[in-house]
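Peer 1: Before I ask anything, here is the structure I am working with.
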Amino acid sequence: MKELFSLACRQLGRKKLRVFLIVLGIAIGVAAVIGVTSLGEGIRVQAVDQIKASHDLTTIEVSAGVEDGSVTLITDSKLKAIEREEHVLFVAPYVKDSYVAQNNTYLAVKGITSEYRRVQSNLQLEIGDWFDEGKKSNEIVLGYDVAKRLAVVEDLGLGDEFTVKIRLYGEESRLKDKPAVFKIAGILKSAGDEHDNQVFIDIKHAKELDEKDSYDGLFVKVDDPAFAASVRDKIEGLGLTAHSAQDVIDEVNKLMVAITLVLGFFSGISLVVGALMVVNTMIISVYERTKEIGLSKALGASDFDIMKMFLAECVIIGVIGGILGDLLGIGFSVLIDLVGKPFLVSALGGELGAGLQLGSITVVTPGILAAGFAISVVLSIVSGLYPARRAARLNPLDALRQI
Amino acid sequence: MTVETRDLTKYYWMGKEKVVALDSVNLKMEEGAFISVVGPSGSGKSTLLNVIGCLDAPTKGEVYLAGWKVDYRNKKSLVRLRRKFVGFVFQTFNLIPALNAVENVEYPMYFNKEGRSKSERRESAMKLLDMVGLEKRANHLPSELSGGELQRIAIARALANDPKLILADEPTGNLDSRTGKSILNLLTRLNNEEGKNIIMVTHDLESAKKMSKIIRILDGRILE
């Protein structure tokens, strides 16, 4: 084997320029694939990093399960079951309802626990205090926008009490409006999301007012993002619906892998050119060495011996092409990063662009390099099969006669 | 090794014209014989050599090498016969330009290793080079050597697998007469000292007469 390849090296060594050109041809094809793939991979990593930065991967959002038209409610027993799961730090349930104030101001109310505030860390008080948990008090905390609206429409501020109507559906769907008195205990800073339009009360109080014995949703906090998926599966096993930021990441991964594959496939067309170069060069080489092939056969070489000799040369071309292609590919991905990043950042603008600015938009993984190398070697061997077979099948006598 | 041909006939078609290269050739060669085949161009000399050397198949007739009938339809057995029993020497030397002298001599051993290690093969190649008087040129490429030297290396190469039969197709055809004589002397030595059977195609009747039995061939027939 070693002798076979050293002989192949000697043969290739006699045609350095030709070998260099053919290797370059393959290497450029490999580099194009690596460059494009690294861009896809880089953007994928960036997107996933941005999701990870803005989402808490240890939080799972649970809502009532709906399957085949039947609804599985989040009852206390389900809540307890989730709390007992391994890796679950705590569970933050909430209930939702809407109340109407005197001047018909619509209030979206959420009954929460202190755990809910631990999950939604952006709920910060501007003035006042949170209500005491578990104590049946009529204290409420207003979201930033609700507080503004109540101040204007209802002329209410911190410490004021006011009456709301709670609409309940009694037996036989008869409507029943139930009055309740609330006291504004605190007002939140702007959170920049849906919480600005919500009113918060203690969950026990809310359940009592609504006459509900199930929860509208809950957040489950796990100790490590690695276990989020398994915990989520268990929750889904209870018949409930569960979401986590990992779902978004999975979607992004799926999409980017698909895009990268398509791009890689089309940039791989340049590899076809490289392969044709190998075929062409090897056919020329067979033609040039026809006499040598005939001679080798006269000296005792079998068809298979001849075939091995030519394929060994292809393997060497493929190996060199793979190494050079990997190196060029790394260079190519650096170039894409240097030239392409400013363009992408300005095109995307805003937060997305700023996120890109920090990292690199291309990522070359060992897997990509290994694939590039393998493509080069396999391509060279496959391209060499036909010429090698042609060489092996030459009639030794005809081959020897040729001048 | 004895060589025998029975009714050996070979013809081929050049367009619509039938060319008879060999016409019922019966040849018997004893162990350790040296035969020179002479005749004009196109008389079938080379075809006879190629058929005996298992490079070409006859249209009719049989060849027996050491008493064994050659099966021309069995490609693998032809390869084995070429490896073990036959050494070729050509008019145009046909050394591989990428390999130096000793590597060229070694080359046939690569296809017929017979359990010899690389160093063992190198050693026997050096011995063969020594025998043809070119051990000092071992590391030279063919492009750096003269015609006579190239043919000596080619003869050393023909001996690489220790064949019983040397087939030489006009080995002196491309050499000046003095160099040609030294090549003939080398072949005679191989015949006398090593007991090799030699069949040589040549135009040089005078030199050939001195050292071997002459067979004249014309239009594919042996003239007695």
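Peer 1: Just the number, please: carbon plus sulfur as a percent of the accessible area of chain A, 1.4 Å probe, no ligands or DNA/RNA counted.
Peer 2: Numbers: 12270 of 20290 Å².
Summing carbon and sulfur atoms, their accessible area is 60 percent of the total for chain A.
Peer 1: Can you give the extra length, in nm with one decimal, that the chain gains between residue A:86 and residue A:151 once fully stretched, where that is 0.36 nm per residue apart less the Cα-Cα distance?
Peer 2: Details: separation 65, 0.36 × 65 = 23.40 nm, distance 4.59 nm.
Length gained, residue A:86 through residue A:151: 18.8 nm.
Peer 1: Determine the share of chain B's accessible area contributed by carbon and sulfur atoms, expressed in whole percent, with a 1.4 angstrom probe.
Peer 2: 48
Peer 1: Let me ask you something else. Tell me, which residues of the stretch A:1-19 get at least 40 Å² less accessible area when the other protein chains come in, versus the chain alone (1.4 Å probe)?
Peer 2: A:3, A:7, A:10, A:14
Peer 1: Quick check on the stretch A:266-377: take the gyration tensor over C-alpha atoms, sort the square-rooted eigenvalues as a ≥ b ≥ c, and tell me if it's rounded (a/c under 1.5), prolate or oblate.
Peer 2: Prolate shape, in that a/c is at least 1.5 and a/b is the bigger ratio.
Peer 1: Let me make sure I get this right: for the stretch B:65-224, a, b and c are the square roots of the gyration tensor eigenvalues over alpha carbons, sorted descending. Under 1.5 in a/c it's rounded, otherwise prolate if a/b > b/c, else oblate. Which is it? Numbers along the way, then the final one.
Peer 2: On the way: a/c = 1.86, a/b = 1.15, b/c = 1.62.
Verdict is oblate for the stretch B:65-224.
Peer 1: Return the FRET efficiency for the residue pair residue B:216, residue B:194: r is the Cβ-Cβ distance, R0 is 22 Å, and the value is rounded to the nearest 0.05.
Peer 2: On the way: r = 27 Å, r/R0 = 1.23.
That gives a FRET efficiency of 0.25.
Peer 1: At 222 nm, what helix-only mean residue ellipticity would chain B give, in deg cm²/dmol to the nearest 500, using -39500 (n - 2.57) for each DSSP H run of four or more?
Peer 2: When only DSSP H runs of four or more count, the value is -11000 deg cm²/dmol.
Peer 1: Rank-order A:215-222, A:369-376, A:6-13 by packing density, defined as the average count of other C-beta atoms within 10 Å over each peptide's residues, highest first. List each step's numbers first, then the result.
Peer 2: Details: A:215-222: 22.0, A:369-376: 20.2, A:6-13: 16.6.
Packing order, densest peptide first, comes out as A:215-222, A:369-376, A:6-13.
Peer 1: Across peptide B:103-112, what mean number of C-beta atoms from other chains lies inside 10 Å of a residue's C-beta?
Peer 2: Per residue, the average neighbour count from other chains is 4.
Peer 1: Pairs to check: A:110/A:178; A:308/B:76; B:18/B:196. Give those whose C-alpha atoms are more than 27 Å from each other in this structure.
Peer 2: On the way: A:110/A:178 17 Å; A:308/B:76 16 Å; B:18/B:196 36 Å.
Pairs exceeding the cut-off: B:18/B:196.
Peer 1: Here's something else I'd like to know. In the structure displayed, which of A:165/A:204; B:60/B:209; A:96/A:204 lie more than 23 Å apart, Cα to Cα?
Peer 2: Numbers: A:165/A:204 18 Å; B:60/B:209 31 Å; A:96/A:204 12 Å.
Exceeds cut-off: B:60/B:209.
Peer 1: Next question, about the same structure. What FRET efficiency, computed as 1/(1 + (r/R0)^6) with R0 = 60 Å and r the Cβ-Cβ distance, is obtained for residue B:143 and residue A:258, rounded to the nearest 0.05? List each step's numbers first, then the result.
Peer 2: Details: r = 57 Å, r/R0 = 0.95.
It comes to 0.60.
Peer 1: May I ask you to find the residues of the stretch B:65-90 that are shielded by at least 50 Å² of accessible area once the whole protein assembly is considered instead of their isolated chain (probe 1.4 Å)?
Peer 2: Flagged in the stretch B:65-90: B:82.
Peer 1: Pop a pseudo-label 7 angstrom from the Cα along the beta-carbon direction at both residue A:382 and residue A:339 and give the gap in nm to one decimal.
Peer 2: Inter-label distance under the simple model: 2.9 nm.
Peer 1: Return a whole-number percent for the relative contact order of the stretch A:59-223, with Cα pairs under 8 Å and 6 or more residues apart as the contact set.
Peer 2: 38
Peer 1: Between residue B:135 and residue B:185, how many nm apart are label points set 7 Å from Cα along the C-beta direction?
Peer 2: 1.9
Peer 1: Hey, another quick one. Total Å² of accessible surface buried at the B-A contact, 1.4 Å probe, nearest 100?
Peer 2: 2200
Peer 1: If R0 is 45 Å, what FRET efficiency do you get for residue A:212 and residue A:346 from their C-beta distance, rounded to 0.05?
Peer 2: FRET efficiency, residue A:212 to residue A:346: 0.30.
Peer 1: Nearest-5 percent of antiparallel DSSP beta bridges in chain B?
Peer 2: Once the DSSP bridges in chain B are tallied, antiparallel ones form about 55 percent.
Peer 1: Going by Cα centres, the stretch A:14-56 and the stretch A:144-219 are how many Å apart?
Peer 2: Distance between centres, Cα-based: 55 Å.
Peer 1: Of all DSSP beta bridges in the protein assembly as shown, what percent run antiparallel (nearest 5)?
Peer 2: In the protein assembly as shown, approximately 70 percent of DSSP beta bridges are antiparallel ones.
Peer 1: Please give the per residue accessible area of chain A, computed with a probe of 1.4 Å over protein heavy atoms only, in Å².
Peer 2: 50
Peer 1: If you look at just the Cα atoms of the stretch A:113-195, how large are its Rg and its Dmax in Å?
Peer 2: Every Cα atom of the stretch A:113-195 included, Rg and Dmax give 14.7, 44 Å.
Peer 1: Also, I was wondering about something else. If you wrap a convex hull around the Cα atoms of chain A, how much volume per residue is inside, in Å³?
Peer 2: Values: hull volume 80.8 nm³, N = 403.
Value for chain A: 201 Å³ per residue.
Peer 1: Want the number for residue A:54 to residue A:1: 0.36 nm per residue separation, take away the alpha-carbon distance, what's left? Before the final figure, lay out the partial values.
Peer 2: Numbers: separation 53, 0.36 × 53 = 19.08 nm, distance 5.62 nm.
Roughly 13.5 nm would be gained on extension.
Peer 1: On to the next question. Give me the number: length gained by fully extending residue A:103 to residue A:358, i.e. 0.36 nm times residue separation minus the C-alpha to C-alpha distance, one decimal in nm.
Peer 2: Gain on extension, residue A:103 to residue A:358, equals 86.8 nm.
Peer 1: If you take the square roots of the eigenvalues of the alpha-carbon gyration tensor of the stretch A:59-223 and sort them as a ≥ b ≥ c, do you get rounded (a/c under 1.5), prolate (a/b over b/c) or oblate?
Peer 2: Details: a/c = 2.03, a/b = 1.28, b/c = 1.59.
Because a/c hits 1.5 or more and a/b fails to exceed b/c, the stretch A:59-223 counts as oblate.
The values are calculated or read from the model by the stated rules, or taken from the named source; none is laboratory data. Just so it is clear, the model here is predicted, and its values are computed rather than measured. Every residue, glycine among them, receives a Cβ derived from its backbone with ideal geometry; neighbour counts consider all protein chains shown. The accessibility values were calculated without ligands, DNA or RNA, using every heavy atom of the protein model including side chains. Shrake-Rupley method; radii C 1.70, N 1.55, O 1.52, S 1.80 Å.
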